[in-house]
Structures are given as structure tokens and as C-alpha cells.
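Structure, as C-alpha cells:
The values are calculated or read from the model by the stated rules, or taken from the named source; none is laboratory data. The structure displayed is predicted, hence computed values, not measured ones. All Cβ positions, even for glycine, are placed from backbone atoms using ideal geometry, and neighbour counts span all protein chains on display.
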Amino acid sequence: MKLSNSFVKTLRDAPKDETAKSAQFLIRAGFVHKELAGVYDFLPLGLRTLKKIEQIIREEMNKLGASEVQMSALQNPRLWEKTERWSNQKVDIWFKTALSAGGELGLAPTHEEPITEMMKTYIKSYKDLPVSVYQFQTKFRNELRAKSGIMRTREFLMKDLYSFSPDEETHNQFYHKVEQAYKTIYERVGLGDCTYQTFASGGIFSKFSHEFQTLIPVGEDTVYYNADKSIVLNEEVVLPEVLDELGIKKEELKSEQAAEVGNIFTLKYKYSEPLDLKFNDSEGEQKTVFMGCYGIGVSRVMGVIAEKFADDKGLVWPESVAPYKYYLAPIGEQANKIAAELEAAHPEDILLDDRNNRPGEKFADAELMGIPYRVVISDKTLAENKAEIKNRKSGETKLLTLDELKGILK
């Protein structure tokens with residue numbers, strides 16, 4: 001990508017109503033554009049990062065043997081009425097729209113009901129189980145207060161996985177595989193050292209109710225943990241009976257703010273029973289399908305990564321999710337020619353700043369965008385047949401020969 005060909009420009013200021021560091025930098029660096037409170041557009045750089053996070057999640061879901069689908073955002077009230085979740089009194093985050101011919105539809109905040117109804121067509125026998133499907137789908141939630149940029153929005157990209165099993169034992173086996181897959185995902189996106197599986201609401205009473213929380217100062221949740229963080233609890237489950245069950249005392253726990261980046265739930269028969277999702281077992285007896293669901297807010301994870309690693313100069317992306325690995329800033333006519341050749345040979349790795357801007361402006365934008373490595377080719381470096389490379393995270397700078405640079409790019 002050549003910056004001269006992109007409409008995206010870095011900005012001096014972010015909207016005044018954005019208080020989160022991540023939101024300010026994502027807007028200023030040209031990753032997202034704010035439409036209104038809780039609604040954001042993803043620009044070329046932001047979309048590349050979002051897609052890289054999505055692909056990491058997709059790869060780990062596929063390893064589980066889950067099949068990817070794409071479901072409709074528009075929702076049939078009839079299904080949600082059966083589970084008593086259509087009522088605004090029961091679920092207060094609905095976006096609903098009136099049909100011109102009468103009646104109304106909803107915009108999905110989640111997809112348990114439609115996926116359960118869909119599976120009635122494809123699950124008839126024990127031979128059809130177990131099965132798991134997932135999607136990347138835009139969700140809509142009428143949050144009372146959207147805040148922290150893309151960390152809490154009214155429209156967001158989510159990965160939701162649903163499992164259908166013949167019994168609880170089969171479900172548990174899959175559930176534990178998902179736990180490990182989630183841990184791998186957070187490692188791969190750079191959050192592994194600061195993300196913990198926590199007991200969530202009702203956690204200790206149903207050990208299959210967990211969240212994954214990333215420790216950050218602006219997180220909306222409070223988690224409590226023991227000395228080695230082998231036990232991490234959401235605030236709402238720090239209760240005497242829970243602590244007794246775990247054999248720990250509250251005074252032994254420390255607390256910290258955190259942001260939820262994933263959740264996994266054992267649904268049991270919560271949706272399969274009212275929606276009548278059944279199968280015939282090996283003896284021909286009808287039984288209800290045992291279900292689980294597993295979510296990751298993809299755009300939320302992107303916001304958490306931005307918040308976690310940003311410094312006073314801008315974003316700092318882990319290599320695995322950065323939109324480009326190298327920010328190439330040529331200075332001088334000969335340098336421009338060499339840089340153009342490098343970008344043409346490695347378009348997926350190089351963001352080429354070929355604008356006719358002062359070097360200081362280019363360097364400031366490189367810091368703001370958070371590309372892992374800034375490469376400078378100038379008359380000064382070319383005199384030694386070298387290029388300067390700077391690590392965005394560590395600040396370390398060194399000189400490479402052009403051949404060494406080409407070798408790294410390969």
C-alpha cells in the first residue's frame with residue numbers, strides 16, 4: 001500500500017468526546033472513522049488489522065472441526081417469543097424495525113435462537129451429532145451508554161460458535177477444547193500474558209461458565225485473583241460460598257480492572273427445549289440436544305490490543321495483527337526508487353510512505369500508526385548501501401545492508 005494512493009490521512013486531533021487512549025489513536029492514525037456514539041467505520045488500515053484478528057480466530061475454530069456459516073442479522077420475532085427474549089422488558093438492548101407491510105423484525109444481538117431453529121432441519125439422529133458451527137457476524141446492541149471507542153459499541157463484529165451434542169459428557173469434551181483454543185487465540189494476537197480465564201456469573205456453581213478477561217486500567221470489569229493468578233474471579237462471584245468452595249480467603253485476593261474479550265457457556269437445554277430441537281438416539285428414543293455457545297468480540301479485541309499496548313506516541317501493534325509489518329519511509333530520489341521496488345515485491349508486508357512530506361512528519365506518523373518496524377532509506381544510508389530499521393516496541397535502531405533488508409523481507 002502506498003500512502004499517496006490512499007484517502008486515509010493522519011489527524012492532529014481526535015473527537016473531543018473520545019476519552020479512551022485507544023479510541024483517540026485509532027481515529028488519529030486513520031484506522032477507524034467515528035459515525036456517531038458507538039458506531040465506527042473501519043478504514044483500510046483498521047480493516048486489515050480486524051481481518052488479521054478474524055483470520056487467527058477462524059484458523060483456531062477450524063482446528064476444532066467447526067464449520068463456518070453466515071447467518072442473517074434480521075430476526076424473526078416468533079423464535080425469540082418462544083424463549084421469552086423478544087420482550088424489551090426481558091432483553092433491553094434490542095434494535096427493532098417496523099415492516100412496511102406490518103409487523104416488525106429485530107437486528108440480532110446474538111444468534112442462539114436462529115441457529116437452534118436452523119439445526120432442526122439438519123439434526124434428526126444421534127448420527128448427526130456432535131456438530132459445531134460458527135460465524136463472523138455484525139451484532140447490534142442498543143447499549144445505554146457506548147464508550148471506550150470500539151471496546152463497547154452498538155454495532156460490532158463478533159465470532160459466535162455454537163455446539164450441539166447428544167449428552168453432557170460429549171459437550172464437556174468439546175468445551176475443554178474450546179478453552180484451549182481461546183487461550184491459543186489470545187497468545188497469537190499478543191494478549192496471552194495479560195488475559196485470564198475467569199469464573200463468571202454463577203461460575204463456581206456451574207464450572208462451565210467462564211469469561212476471558214484482559215487486565216487493563218480502563219476495563220469495565222473488576223477481577224480478583226490469588227498470588228499466582230491460578231484462580232481469577234469476576235467481581236460478582238466473590239461470595240463466601242464460592243471462596244469456601246475454592247479454599248481461599250478474600251483478603252488473599254488482589255483486584256484489578258479488566259476488559260472481557262471472550263466468553264464460553266454451557267447452555268444445556270435452555271434453547272433446544274423451548275425450540276424443540278430433538279434427535280433420535282441409538283434405540284430410537286427422542287432426546288433433547290445439549291448445547292453450548294462461545295463468543296469473541298473481534299472488534300472489541302482489536303480495541304483492547306490498541307489500549308493495552310499504546311504509548312504516548314501512538315499505537316503499538318503486535319506483529320501478528322499489525323496491518324503491515326514494515327513502514328518504509330524513503331528520503332531522496334534514489335531512495336524513492338528503491339523503496340518502490342521493495343513495496344512492489346512485498347505489498348502485503350510494506351506500507352510505503354511515498355508522500356512528499358518532511359522526514360519528521362513521516363516518522364511521527366510511523367509512531368502514531370504503530371507499525372512494528374520503521375525502515376528509512378536515505379542518501380545518508382545509501383552512501384553505505386544500508387537502511388535504518390527501528391523497532392516500534394523497543395525503540396531499538398540498527399543499520400542493515402540492502403541485501404540484509406531484502407533477505408528479511410523474503
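Here are the numbers for the structure shown:
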item	result
Qualifying residue in segment 319-334 (condition: of a type in the set (Phe, Trp, Tyr) and either surrounded by fewer than 17 Cβ atoms within 10 Å (Cβ to Cβ) or part of a loop (DSSP other than H, G, I, E, B) (or both))	yes
Qualifying residue in segment 24-43 (condition: within 30 Å of Phe290 (Cβ to Cβ), of a type outside the set (Gly, Ala, Ser), modelled with pLDDT of 95 or more and outside any loop (DSSP other than H, G, I, E, B))	no
Flag for Tyr196 being of a type in the set (Phe, Trp, Tyr), in contact with a Gly (Cβ under 8 Å, 6 or more places away or on another chain) and within 30 Å of Val91 (Cβ to Cβ)	no
Residues being more than 23 Å from Leu129 (Cα to Cα) and in a loop (DSSP other than H, G, I, E, B) - total across segment 54-82	3
Residue that is farthest from the chain's Cα centre (by Cα), among those in segment 377-400 that are of a type in the set (Ser, Thr, Tyr) and surrounded by 13 or more Cβ atoms within 10 Å (Cβ to Cβ)	Thr381
Selected residue (only one of Leu50, Leu26 is over 15 Å from Thr138 (Cβ atoms) and surrounded by 19 or more Cβ atoms within 10 Å (Cβ to Cβ))	Leu26
Long-range neighbours under 8 Å by Cβ, at least six apart or interchain, first residue outside the structural domain of Tyr126 (by TED's automatic domain parsing) and under 15 Å from Ile57 (Cβ atoms) within segment 156-178, second hydrophobic (A, V, I, L, M, F, W, C) and modelled with pLDDT under 95	none
Identity of the residue in segment 1-23, among the polar types (S, T, N, Q) and in a loop (DSSP other than H, G, I, E, B), that ends up modelled with the lowest pLDDT	Thr19
Lone unmet requirement of (1) in a loop (DSSP other than H, G, I, E, B); (2) under 22 Å from Phe25 (Cβ atoms); (3) acidic (Asp, Glu) for Glu367	(1)
Residues being basic (Lys, Arg) and either surrounded by 20 or more Cβ atoms within 10 Å (Cβ to Cβ) or within 17 Å of Met1 (Cα to Cα) (or both) - total across segment 351-369	2
Out of Glu241, Glu211, Glu179, Glu187, sole residue that is surrounded by fewer than 21 Cβ atoms within 10 Å (Cβ to Cβ) and either in a strand (DSSP E or B) or at pLDDT below 95 (or both)	Glu241
Some residue of segment 280-287 being free of Cβ contacts under 8 Å to residues at least 12 places away in the same chain, within 28 Å of Lys362 (Cβ to Cβ) and either among the aromatic types (Phe, Trp, Tyr) or surrounded by fewer than 23 Cβ atoms within 10 Å (Cβ to Cβ) (or both)	no
Residue match in segment 245-259 (condition: farther than 26 Å from Lys183 by Cα and surrounded by 20 or more Cβ atoms within 10 Å (Cβ to Cβ))	no
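Residue-wise test of (1) among the polar types (S, T, N, Q); (2) touching a Leu at 6+ places or on another chain (Cβ under 7 Å).
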residue: Gln173; (1), (2): yes, no
residue: Lys183; (1), (2): no, no
residue: Gly190; (1), (2): no, no
residue: Gln197; (1), (2): yes, no
residue: Ile231; (1), (2): no, yes
residue: Glu235; (1), (2): no, no
